[in-house]
Protein chains: 2
Amino acid sequence: MDIDRIIRQMARDAKQAAGVISRCATAQKNQALTNMADLLEQQAETIFQENRKDLKRAGEAGLSRAMVDRLTVTGETIAAMAGGIREVAAYADPVGTMGETRVRPNGLRVSKMRIPLGVIGIIYESRPNVTIDAAGLCLKSGNAVILRGGSEALHSNRALAGIIGQALESVGLPAQAAQVVPMEDRTAINVLLAQEDFVDLIIPRGGEGLIRFVVENSRIPVLKHYKGVCHVFVDHTADLQMAEGISFNAKVQRPGVCNAMETLLVHEQVARDFLPAMARRFESAGVELRGCPKTCAILPGITPATDADWPAEYLDLILAVKVVANMEEAMAHIARYGSNHTEAIITSDYRRAHRFVRDVDASVVLVNASTRFNDGGQLGLGAEMGISTSKLHAFGPMGLEELTTRKFVVLGDGQIRE
Amino acid sequence: MDIDRIIRQMARDAKQAAGVISRCATAQKNQALTNMADLLEQQAETIFQENRKDLKRAGEAGLSRAMVDRLTVTGETIAAMAGGIREVAAYADPVGTMGETRVRPNGLRVSKMRIPLGVIGIIYESRPNVTIDAAGLCLKSGNAVILRGGSEALHSNRALAGIIGQALESVGLPAQAAQVVPMEDRTAINVLLAQEDFVDLIIPRGGEGLIRFVVENSRIPVLKHYKGVCHVFVDHTADLQMAEGISFNAKVQRPGVCNAMETLLVHEQVARDFLPAMARRFESAGVELRGCPKTCAILPGITPATDADWPAEYLDLILAVKVVANMEEAMAHIARYGSNHTEAIITSDYRRAHRFVRDVDASVVLVNASTRFNDGGQLGLGAEMGISTSKLHAFGPMGLEELTTRKFVVLGDGQIRE
């Protein structure tokens, strides 16, 4: 079948390009990135033109306003993409870095060197800027990449792929190091997920449906998170003003993202002091509250929460609120309904902070800070490729380092094993 | 179906036990390990008795001498198992350790804490000592484990599982933290590989057939290596006496293991000086050589190598030998036939050593040392759970640290995201 043949050839080409790109000098990679940023700006008109084709189709297909928004490439989008790529160029190159050397009793010197993973497949929805961001991060970390965006963005993504290819070739690197899957047919994804001889890692980015599809069909390791059901637990020892500021930020600052708070847990000793003012502030921001019976008793008139609310990822101005008898109940609730993504405690008690940090099973655990900080840039990793709630390889935001692995380097002077 | 129900319940129990064991104190885990070692010695007779049942069946089934040897538990086996477990008790506990803290411009303090992976499934063949070694490493690293040994060792493994359970319960830990699959039916493996809600990692240990079966059927991440086709490249700049010592050790010291050399690559500038003496030494140790045409021209009378020899993992006293025109040819041969496992160069030239280390894609790359050092104990990791040639999560020998992952810990004093 034709799709089969095309995808297999792309994967094979990517593997070969990965060998070249894994060994190329940092300066060469940085020059390619800088050229990519320049080309994006120079060829903005072409990108707009191709993007309009996607938008026209989206209009005909009756896509939602939100989807059309995400699909639209503007001058600002171009500037953000170019700026992001220039930032990636400025990051330190992880490839080839080595940590401490251990000296063995027989004199062997053992260390580890960071190396690229090889070929990374990214499967994503809608936003064309992912094409540029992902290509930039993969290139900088010495990996080849195969990009499979949503079919609704096909024209835009192909135009961006053209620019990425030009940037690579402008410094003598193979354009096959970053390829966009050129067809809409979903079969292409299945074929890609079967190329375990050529592709080393798959990263799906999008809704839970897409991610489950990828996990179930992939023979290649997958790094992903399904969803972010993040909690803030306001302990009875919390500074309540701080708790209010953090809770508000965690819910309202950008409600549509995975590290936004979905459920607020409040220690019952402070619930009566904390909740009324907090609720007023939420209501003034248009947040709909859904409370447990104890919450409803304190905040009469709010919607009672149902069983469907506790595991919900609203991604919207909706918040479930639960009053808990103690920290154990809060932690049990998080263990049951959390998604191992981001969990925060607000407390002024050392032992409780220590225990929460130690025992809560999430990729990022915070004390006295907003859940919104689970983000590669915010945590100092630079740009990120996504967040992993899988524990294998990477847990939490994935930056350049997480797109690499380490091999052992052993330097001897004739050692043999006895 | 009954197997289905039993395995699912084991997986569910393991997940629950993992929560307990992930949080328990180092001293408690060490006490359980020490008790396990003591119980092994005290109950040696029971183990022998159960082992004799397996041996009787093996005799009836006509298992090979080698397989019966691996299956046999002797007083020495018991002593080795007990000694291994006491060593694991003495290792530093990785769980809870934290690396450097990064301070962000807004004052957030960001670090990473090592945590267990959760539930690990080990699928292995024959040797009953793996049951004890794997249980010890998983317990020390805070993971629960489900062990599925070969059906030929079922009685022995059940007896060992009894001891592991007693040791856990002797310190108040749940016996479900280390369970042996109690039935022979291979369906049990398929059911285990589908428990992605409860099992976090699968490690298969055994022949390539078993490993391929596991990879193809698992919905859980798998860490594995298929085989070790390891090379030693003797550069023209090598100290030839050192090259002889290392090559001999890499092939002969223990030929049946994955880090033994399978192919010797020799730079043609030194082939005539190096090969005759090397060949005599190999022949005196009973090693059969299979040479490329250039090798056969230097060593008349040896078997010519065929296309089947270059990718072969002999695990035996057989060695393929190839004379190469230069280092590029050696590295191209390794890239084509190597298994990303262990590769060594013998050289006295700095630039060539540097280039080999940087460009050869293997979990362990050595300069002037034997391939036999790709081993957790030899590289300073302590005991190991196996060797990974997958690049995700771990690449190379997996010790206690590789059985853990890291979560982000973020300490703030009220930070919110702007």
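The values are calculated or read from the model by the stated rules, or taken from the named source; none is laboratory data. If you're wondering where the values come from, they're calculated on a predicted model, not measured in any experiment. Every residue, glycine among them, receives a Cβ derived from its backbone with ideal geometry; neighbour counts consider all protein chains shown.
May I ask you to verify whether B:Y350 is modelled with pLDDT of 95 or more and touching a Pro at 6+ places or on another chain (Cβ under 8 Å)?
The answer is no for B:Y350.
Does B:M242 satisfy the criteria of being assigned to a helix (DSSP H, G or I), touching a Gly at 6+ places or on another chain (Cβ under 9 Å) and either over 24 Å from B:G207 (Cα atoms) or touching a residue at least 24 places away in the same chain (Cβ under 8 Å) (or both)? Yes: the conditions hold for B:M242. For the stretch A:391-414, a residue qualifies if it is within 7 Å of chain B (Cβ to nearest Cβ) and in a loop (DSSP other than H, G, I, E, B), and the qualifying residues are A:K391, A:L392, A:H393, A:F395. Against the list (1) within 19 Å of B:S170 (Cβ to Cβ); (2) free of Cβ contacts under 8 Å to residues at least 24 places away in the same chain; (3) within 26 Å of the chain's Cα centre (by Cα), the condition B:A27 fails is (3).
Rundown of residues vs (1) over 26 Å from the mean Cα position of the chain (by Cα); (2) crowded, with 24+ Cβ neighbours inside 10 Å, yes/no style:
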position	(1), (2)
B:D316	no, no
B:Y337	no, no
B:R352	yes, no
B:N374	no, yes
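Comparison of A:E328, A:E288, A:E343 shows that the only residue that is more than 14 Å from chain B (Cβ to nearest Cβ) and modelled with pLDDT of 95 or more is A:E288. If you check A:A383, A:A362 for being in a loop (DSSP other than H, G, I, E, B), in contact with an Asp or Glu (Cβ under 8 Å, 6 or more places away or on another chain) and facing chain B (nearest Cβ under 7 Å), only one passes: A:A362.
Collect the residues in the stretch B:275-317 that are touching a residue at least 40 places away in the same chain (Cβ under 8 Å) and touching an Asp or Glu at 6+ places or on another chain (Cβ under 7 Å), keeping them in residue-number order. The answer is B:A312, B:E313, B:Y314, B:L317.
Sub-8 Å Cβ pairs linking a first residue in the stretch B:103-116 that is without any contact (Cβ under 8 Å) to a residue 24 or more places away in the chain to a second residue that is of a type in the set (A, V, I, L, M, F, W, C), at least 6 apart or interchain, are B:V103/B:V110; B:R104/A:L379; B:R104/B:V110, ordered by first then second residue. When A:E262 is tested against the conditions (1) touching a residue at least 60 places away in the same chain (Cβ under 8 Å); (2) more than 14 Å from chain B (Cβ to nearest Cβ), the lone failure is (1). Condition test on A:E100, is it assigned to a loop (DSSP other than H, G, I, E, B) and on the phi < 0 side of the Ramachandran plot? Here the answer is yes, as A:E100 does meet what is asked. The sole residue among B:A297, B:A277, B:A308 that is more than 21 Å from B:E244 (Cβ to Cβ) and either part of a loop (DSSP other than H, G, I, E, B) or more than 30 Å from the chain's Cα centre (by Cα) (or both) is B:A308. Here B:I416 fulfils each of the conditions (1) in contact with a Leu (Cβ under 9 Å, 6 or more places away or on another chain); (2) surrounded by fewer than 22 Cβ atoms within 10 Å (Cβ to Cβ) apart from (1). Checking each residue in the stretch B:214-239 for being without any contact (Cβ under 8 Å) to a residue 60 or more places away in the chain and within 13 Å of another protein chain (Cβ to nearest Cβ) picks out B:V215, B:E216, B:N217, B:S218, B:R219.
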